[in-house]
1. How much space per residue, in cubic angstrom, does the convex hull of the C-alpha atoms of the chain take up?
2. Rounded to a whole number, what % of the accessible area of the chain do carbon and sulfur atoms account for, probe 1.4 Å?
3. Can you list the GluC sites (Glu not before Pro) in segment 1-77 that are in a DSSP coil and have 16 or fewer other beta carbons within 10 angstrom?
4. Helix 7-24: angle to the longest alpha-carbon principal axis of the chain, degrees 0 to 90, nearest 10?
5. If I take every Cα pair under 8 Å that is 6 or more residues apart in the chain, average their sequence separation and divide by the length, what percent do I get for the relative contact order?
6. Any idea what angle helix 42-57 forms with the longest principal axis of the chain, computed on alpha-carbon atoms, 0 to 90 degrees, nearest 10?
7. For the chain, set up a GNM with springs between Cα atoms under 10 Å and report which of Arg34, Arg61, Arg23 has the largest fluctuation.
8. Taking only protein heavy atoms and a 1.4 Å probe, what accessible area per residue, in Å², does the chain have with all protein chains in place?
Amino acid sequence: MYAVGDPAAQTTHILEMMKETLRKLGASMEDVVRTRIFVVDILDNWEAVGKAHGEFFGEIRPATTMVGTSGLVHPDMLVEIDADAVI
């Protein structure tokens with residue numbers, strides 16, 4: 001598990017994996033049109049997650065939804081992100 005207890009670091013890690021996956025498919029983060037972010041303990045973590053997401057995407061600005069959840073598949077996971085890209 002990566003960055004246990006650090007929602008911003010987990011967000012950055014997820015987005016780096018997403019960037020690499022898109023690259024392998026011949027796409028880039030500029031092709032992302034929507035993200036959905038699931039956050040454990042959203043009241044305490046939404047700002048850190050949102051800041052990391054915003055810093056990563058910069059001017060790209062995909063439509064984004066952030067949803068609070070009571071838990072994810074592993075107790076160390078604080079963030080999960082899925083994305084839609086149009087290539």
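1. Taking the convex hull of the Cα positions in the chain, it is 85 Å³ per residue.
2. Reported share for carbon and sulfur atoms: 54 percent.
3. Glu59
4. 30 degrees
5. 44 percent
6. Relative to the chain, helix 42-57 is tipped by roughly 20 degrees.
7. With Cα springs under 10 Å in the chain, the top fluctuation among Arg34, Arg61, Arg23 is at Arg23.
8. So the chain comes to 61 Å² accessible per residue, rounded to a whole number.
The values are calculated or read from the model by the stated rules, or taken from the named source; none is laboratory data. Since we're looking at a predicted model, the values are computed, not measured. Don't worry about glycine lacking a Cβ; one is built from the backbone with ideal geometry, like all the others, and counts go over all protein chains shown. Areas reflect the complete protein model, heavy atoms only, side chains present, ligands, DNA and RNA absent. Shrake-Rupley method; radii C 1.70, N 1.55, O 1.52, S 1.80 Å.
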